[in-house]
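*Asks:* This is the structure I want to talk about, given as structure tokens.
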Amino acid sequence: ETGVTQSPTHLIKTRGQQVTLRCSSQSGHNTVSWYQQALGQGPQFIFQYYREEENGRGNFPPRFSGLQFPNYSSELNVNALELDDSALYLCASSRNSAGGRNEQFFGPGTRLTVL
Amino acid sequence: GESVGLHLPTLSVQEGDNSIINCAYSNSASDYFIWYKQESGKGPQFIIDIRSNMDKRQGQRVTVLLNKTVKHLSLQIAATQPGDSAVYFCAEKLTGGGNKLTFGTGTQLKVEL
């Protein structure tokens, strides 16, 4: 186990709704990254949070937003859900250091289904 | 642009044989290449990484080879076991790209008894 936890494990929503996914990072880690993994595909980077601020973003629309809290846990919020948002959402935590390996440890993911 | 891709979507090997999983990348501006293993219903699990200034790195039963000339990365698993059955992803971390990882599509490794 990586020490990274995510909740909920599964979620079913309907198109147009909003969803909040949660992630608790590994102890000592200050950086959280979120990825979307569609079925049969590799994870796609959504964004990263460091010191409670967004620090890098992938090619995702503004309706994907996030938060990082003082204890380094994080939330991913998705508004106006679309059918294509159905995927496994992965959270990864790391200890950020300039030029370092910054090995990322992934949680088990939240499976989101949009109907 | 950024892209990391795999040559074979599915690889079947006999238990005890060696496995080789290949990956091609197109972006030269990366400082680390990483291999992840993902079992069904779980998140990706770190296997091994290699810095861009190296060409080989060994771990326990695994070896990663990096050929920057042809932009090719491979993962070798020695004495493949049933527990190695999973999807394997290569990923790259771009220099100056923070912690953003760019993943390939993945290769399904099936170990036959």
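*Asks:* Per residue, how much accessible area does chain A show when a 1.4 Å probe rolls over the protein heavy atoms, in square angstrom? Don't skip to the end; give the middle numbers.
*Replies:* Working: 5590 Å² over 115 residues.
In whole numbers, chain A has 49 Å² accessible per residue.
*Asks:* Oh, and also: Given a 1.4 angstrom probe, what's the average accessible area per residue across the stretch B:1-105, in square angstrom? Working shown, then result.
*Replies:* Numbers: 4870 Å² over 105 residues.
Each residue of the stretch B:1-105 exposes 46 Å² on average to a 1.4 Å probe.
*Asks:* Can I ask one more? I'd like the Karplus ³J(HN,Hα) series for the stretch B:82-92: coefficients 6.51, -1.76, 1.60, θ = phi - 60°, whole numbers in Hz, and an x wherever there's a Gly or Pro.
*Replies:* x, x, 7, 4, 4, 9, 10, 10, 9, 9, 10
*Asks:* Continuing with the same structure: Provide the gained length on full extension for the span A:R51 to A:N71, in nm with one decimal, where the gain is 0.36 nm per separating residue minus the Cα-Cα distance.
*Replies:* Details: separation 20, 0.36 × 20 = 7.20 nm, distance 0.97 nm.
Contour length minus the Cα-Cα distance gives 6.2 nm.
*Asks:* Then there's this: List the residues of the stretch B:33-47 for which accessible area in the full set of protein chains is at least 50 Å² lower than for the chain on its own; 1.4 Å probe, protein heavy atoms only.
*Replies:* When all protein chains are present, B:P44, B:F46 each give up 50 Å² or more of accessible surface.
*Asks:* Jot down the radius of gyration and Dmax of the stretch B:9-113, Cα atoms only, both in angstrom.
*Replies:* Reported Rg and Dmax, both Å: 13.4, 44.
*Asks:* Next question. With a 1.4 Å probe and every protein chain kept in, tell me what percent of the accessible surface of chain A is carbon plus sulfur. Walk me through the intermediate numbers first.
*Replies:* Working: 2700 of 5590 Å².
Result for chain A: 48 percent of the exposed heavy-atom area is carbon or sulfur.
*Asks:* So how do A:S74, B:S12 rank on accessible area, 1.4 Å probe, biggest first, that is with the largest at the start?
*Replies:* Numbers: A:S74 0, B:S12 65 Å².
My answer, sorted largest first, is B:S12, A:S74.
*Asks:* What's the total accessible area buried between chains B and A, using a 1.4 Å probe, rounded to the nearest 100 Å²?
*Replies:* Details: alone 6130 and 6380 Å², together 10900 Å².
About 1600 Å² of accessible surface is lost on pairing.
*Asks:* Share of antiparallel DSSP beta bridges in chain B, in percent to the nearest 5? The partial results should precede the final answer.
*Replies:* On the way: 38 of 43 bridges.
Here the share of antiparallel DSSP bridges comes out near 90 percent.
*Asks:* Can you find, among B:T95, B:Y25, B:P44, the residue sitting farthest towards the positive end of the charge dipole of chain B, where Lys and Arg contribute +1 and Asp and Glu -1 at Cβ?
*Replies:* Projecting each Cα onto the dipole axis, the largest value belongs to B:T95.
*Asks:* Another question about this same structure. In debye to the nearest 20, how big a dipole does the protein assembly as shown give about its Cα centre with +1 on each Lys and Arg Cβ and -1 on each Asp and Glu Cβ? Don't jump to the answer; show the numbers that get you there.
*Replies:* Values: 20 positive and 19 negative charges, 46 e Å.
Using Cβ point charges on Lys, Arg, Asp and Glu, the protein assembly as shown gives about 220 debye.
*Asks:* Then there's this: Mind scanning B:K42/B:K93; B:K42/B:K100; A:K13/B:K110; A:K13/B:K37 and naming the pairs with a C-alpha gap bigger than 27 Å?
*Replies:* On the way: B:K42/B:K93 22 Å; B:K42/B:K100 20 Å; A:K13/B:K110 34 Å; A:K13/B:K37 29 Å.
Cα-Cα > 27 Å for A:K13/B:K110; A:K13/B:K37; rest within.
*Asks:* What Cys residues in the protein assembly as shown are without a partner cysteine, judged by a Cβ distance under 4.7 Å?
*Replies:* none
*Asks:* Calculate what fraction, in whole %, of the accessible area of chain B sits on carbon and sulfur atoms when a 1.4 Å probe is rolled over the protein chains. Before the final figure, lay out each step's value.
*Replies:* Details: 2490 of 5320 Å².
Answer for chain B: carbon and sulfur cover 47 percent of the accessible area.
The values are calculated or read from the model by the stated rules, or taken from the named source; none is laboratory data. Please read these numbers as outputs of a predicted model, since none were measured by experiment. Note: ideal-geometry Cβ built from the backbone for every residue, glycine included; neighbour counts use all protein chains shown. Note: accessible area is taken over every heavy atom of the protein model, side chains too, but ligands, DNA and RNA are not part of it. Shrake-Rupley method; radii C 1.70, N 1.55, O 1.52, S 1.80 Å.
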